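Down below is the structure, laid out as structure tokens.
The values are calculated or read from the model by the stated rules, or taken from the named source; none is laboratory data. Predicted model only: the values in this text are computed from it and were never measured. For neighbour counting, all protein chains shown are included, and Cβ atoms are generated from backbone atoms with ideal geometry for every residue, glycine included.
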């Protein structure tokens, strides 16, 4: 779960991994998060790095702190859905940039996606 690359700050990568776990449902709305120290040990990073990631997630409204009880995933499904849509848009933008780099325009890229969807729907293979 914790794979970091050297091209971006670890706290951003950690934030993205935690956000993905929330929007995908791996971490349930209202669910308690591990402590900063537990997450730091699990991810093999400095606790300050985890703290910074969690603060960013709090700013986004995906996580909240209950004094003396710890941190919890928001129960606000609108906030989670908004974050999910934001991630999806980032993925699509990245995909389109990569496709443009190899000479494909948006329409050609969309056609490839449509072909793949048809293939998956009809063959059951991905």
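Considering region 1-15, and only residues there that are out of contact with any helix residue (DSSP H, G or I) (no Cβ under 6 Å at 6 or more places or on another chain) and part of a helix (DSSP H, G or I), the residue that is surrounded by the fewest Cβ atoms within 10 Å (Cβ to Cβ) turns out to be 12. Among the residues of region 58-73, is there at least one that is assigned by TED's automatic domain parsing to the domain that holds residue 38, in contact (Cβ under 8 Å) with a residue 24 or more places away in the chain, in a helix (DSSP H, G or I) and closer than 18 Å to residue 33 by Cβ? Checked against the condition, which is being assigned by TED's automatic domain parsing to the domain that holds residue 38, in contact (Cβ under 8 Å) with a residue 24 or more places away in the chain, in a helix (DSSP H, G or I) and closer than 18 Å to residue 33 by Cβ, region 58-73 yields at least one hit.
Inside region 106-126, residues that are in contact with a helix residue (DSSP H, G or I) (Cβ under 8 Å, 6 or more places away or on another chain) and not in a helix (DSSP H, G or I) make up a count of 2. Given the structure, is residue 86 outside any helix (DSSP H, G or I) and outside the structural domain of residue 37 (by TED's automatic domain parsing)? Criteria not met by residue 86. Just to be sure, is residue 55 in contact with a helix residue (DSSP H, G or I) (Cβ under 7 Å, 6 or more places away or on another chain), surrounded by 12 or more Cβ atoms within 10 Å (Cβ to Cβ) and assigned to a helix (DSSP H, G or I)? No, not satisfied.
Residue count for region 17-47, restricted to those that are in a helix (DSSP H, G or I) and without any contact (Cβ under 8 Å) to a residue 60 or more places away in the chain: 12.
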